[in-house]
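**Student:** Got a structure for you, questions after.
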Amino acid sequence: MSSKRYDVGGVMLPRPFHIQRLGHIGLSQADLEACTDFWVDNLGFRKTDALQPPGVPRPLGWFTTYGADHHALVHIDALLEQGGPHYGRGVTVNQISFQVGTLKEVADANAYFKENGIETWRYGRDFPGSNWAVYAYDPDGFRVELFYGIEQIGWDRRSKPAPFYAMPDYTPHLPERAELSEIKAVEAANPDMAKGFRPAEDAPFECEVGGVMLQRPFAINRMGPVHLFVEDVERSEAFYTQHFGLSRTEVVTWKGHRAVFLRHGNDHHAIGLFPAALREALELDQRTKLFSFGIELGSYQQLKDAVAWLRARGANVSTDLPSELRPGIDYAAFVRDPSGHTAMLYCGIEQVGWDGKPRPPEQRRKVQHTWPATLDAMSDTYVSLSRQGPMA
Ligand SMILES: [Fe+2]
């Protein structure tokens, strides 16, 4: 590994960027509309924009979110990927996207990937969403994005209007202007700026959650972790630790299969790497190398209520996957969409402190087959919640 160091905000790091959080995930969907509707109707993601270039008669993708980020879960028509080298091998993930702190880190990451012979897909600015990004391919062909400055949607739930997308040049030329300067320029040039997209969200408000009537008996806190099946766990671990700065938290060997869990911050892991052979052993969907993507709900009560509510709606929900395969997460439910993409619903992930050590396995909560009515608190219960605005 290179001993080169890079100045990231006045601190010297082995890479010219630092990952702050897992922001969004993209899925390549064989049935775009049915799968988008699945996650919107069942989990409460709301549409924020269509991916529909001028002259194209129907959307080629949908951006959806649960909070202020323009997108947290993106659905892209698999037609756009089917000619590529990876989709046919089960890489039905369009992107796994991490936020970094500055635009300079995105630009420097692009140069770093080139210096280190890492294949990139795109470098520039994405619309809709307005985020600056560079995408690199991991050894299996999963696209890993580093982004800065994703559009924030406010109280009126409207995305930026179309005139914002008419940017003449998507390649960064640092220093770029602030978003406020951009807003002023777009407003000055478009005095009759039409309002941006706002979804209907017309389901009835029948579920009480923490003193507020919502459309579902739960609210999403955040995305991640992502669990992937890979061809060579060691090769992928080396890629993510050397080039993205992730650290190994834990190795689990389950029935002879070795899985590795990597973190970028306090969460036990952001990425779990599993050998592809385990997919057959678990009799999971063979169409995709995505084991699961995490959706953290607001509480254990919300998780229990989500399982009951989703089952009553006829969704495919399992609570039977071995808990050993998700160290740091105890109670979890797995929900599968029509394309075979599975979300892991959970309500809190173990927190790793300054010394980088996970909780010893024998001190973790034991997962009961029949979920208990309530749980005893752990030292890291309710310490990682990130929601700032209202639940819906
Ligand atoms: Fe992205």
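The values are calculated or read from the model by the stated rules, or taken from the named source; none is laboratory data. Quantities reported herein were computed from a predicted structural model and do not represent experimental measurements. Every residue, glycine among them, receives a Cβ derived from its backbone with ideal geometry; neighbour counts consider all protein chains shown.
**Student:** Out of the residues in region 184-197 that are surrounded by 13 or more Cβ atoms within 10 Å (Cβ to Cβ) and in contact with a helix residue (DSSP H, G or I) (Cβ under 8 Å, 6 or more places away or on another chain), which is nearest to G23 (Cα to Cα)?
**Tutor:** This residue is G196.
**Student:** A further question follows. Of all residues in region 340-361, count the ones that are farther than 23 Å from R387 by Cβ and out of contact with any Ser or Thr (no Cβ under 7 Å at 6 or more places or on another chain).
**Tutor:** Here the count works out to 6.
**Student:** Moving on. Need at least 3 residues that are surrounded by 17 or more Cβ atoms within 10 Å (Cβ to Cβ) and either touching a residue at least 40 places away in the same chain (Cβ under 8 Å) or basic (K, R) (or both) per element, so show me which strands (runs of 3 or more DSSP E) inside region 282-349 make the cut, counting only ones lying wholly within it. Please lay out each step first, then the result.
**Tutor:** Numbers: elements: 290-297, 316-318, 332-336, 342-346.
Per the criteria, 290-297, 332-336, 342-346.
**Student:** Ok, one more. Got at least one residue in region 143-152 being in contact (Cβ under 8 Å) with a residue 24 or more places away in the chain, among the aliphatic types (A, V, I, L, M) and more than 23 Å from A68 (Cα to Cα)?
**Tutor:** Looking for residues that are in contact (Cβ under 8 Å) with a residue 24 or more places away in the chain, among the aliphatic types (A, V, I, L, M) and more than 23 Å from A68 (Cα to Cα), one finds none in region 143-152, hence no.
**Student:** What are the residue pairs meeting all of these: first residue in region 107-130, first residue closer than 20 Å to E179 by Cα, second residue within 16 Å of the ligand (Cβ to nearest atom) and among the small types (G, A, S), Cβ atoms under 6 Å, and 6 or more apart or on different chains?
**Tutor:** Going by the 6 Å Cβ cut-off, the qualifying pairs are D126/A133.
**Student:** Continuing with the same structure: Taking the condition of being assigned to a loop (DSSP other than H, G, I, E, B) and within 16 Å of the ligand (Cβ to nearest atom), how many residues in region 49-90 meet it?
**Tutor:** Looking only at that region, the number is 8.
**Student:** Another question, then. From (1) surrounded by 10 or more Cβ atoms within 10 Å (Cβ to Cβ); (2) under 21 Å from L262 (Cα atoms); (3) at pLDDT 95 or above, pick out the condition that doesn't hold for Q363.
**Tutor:** (1)
**Student:** Looking at R177, R157, R198 in this structure, which one is more than 26 Å from the chain's Cα centre (by Cα) and in a loop (DSSP other than H, G, I, E, B)?
**Tutor:** None of the others qualify; the one that does is R177.
**Student:** Oh, and also: When region 235-250 is examined, which residues are found to be surrounded by fewer than 21 Cβ atoms within 10 Å (Cβ to Cβ), touching a residue at least 60 places away in the same chain (Cβ under 8 Å) and part of a strand (DSSP E or B)?
**Tutor:** Those that are surrounded by fewer than 21 Cβ atoms within 10 Å (Cβ to Cβ), touching a residue at least 60 places away in the same chain (Cβ under 8 Å) and part of a strand (DSSP E or B): S247, E250.
**Student:** Among the numbered criteria (1) charged (D, E, K, R); (2) touching a Ser or Thr at 6+ places or on another chain (Cβ under 9 Å); (3) surrounded by fewer than 18 Cβ atoms within 10 Å (Cβ to Cβ), which single criterion is violated by E119?
**Tutor:** E119 satisfies all of (1) charged (D, E, K, R); (2) touching a Ser or Thr at 6+ places or on another chain (Cβ under 9 Å); (3) surrounded by fewer than 18 Cβ atoms within 10 Å (Cβ to Cβ) except (2).
**Student:** Mind listing whichever residues of region 119-135 are over 20 Å from F197 (Cα atoms) and either within 11 Å of the ligand (Cβ to nearest atom) or part of a strand (DSSP E or B) (or both)?
**Tutor:** So the first thing to find is which residues in region 119-135 are over 20 Å from F197 (Cα atoms), and the list is 119-124, 132-135.
Listed by number, the residues that qualify are T120, W121, R122, Y123, G124, W132, A133, V134, Y135.
**Student:** From the set of residues in region 136-178 that are within 16 Å of the ligand (Cβ to nearest atom), modelled with pLDDT under 95 and closer than 25 Å to K114 by Cα, which is surrounded by the most Cβ atoms within 10 Å (Cβ to Cβ)?
**Tutor:** The extreme case among them is P172.
**Student:** Right, next: Checking E362 against (1) in a loop (DSSP other than H, G, I, E, B); (2) over 27 Å from T65 (Cα atoms): exactly one of these is not met. Which one?
**Tutor:** (1)
**Student:** Continuing with this model, one more query. Within region 159-183, count every residue that is of a type in the set (K, R) and within 18 Å of K104 (Cα to Cα).
**Tutor:** 1
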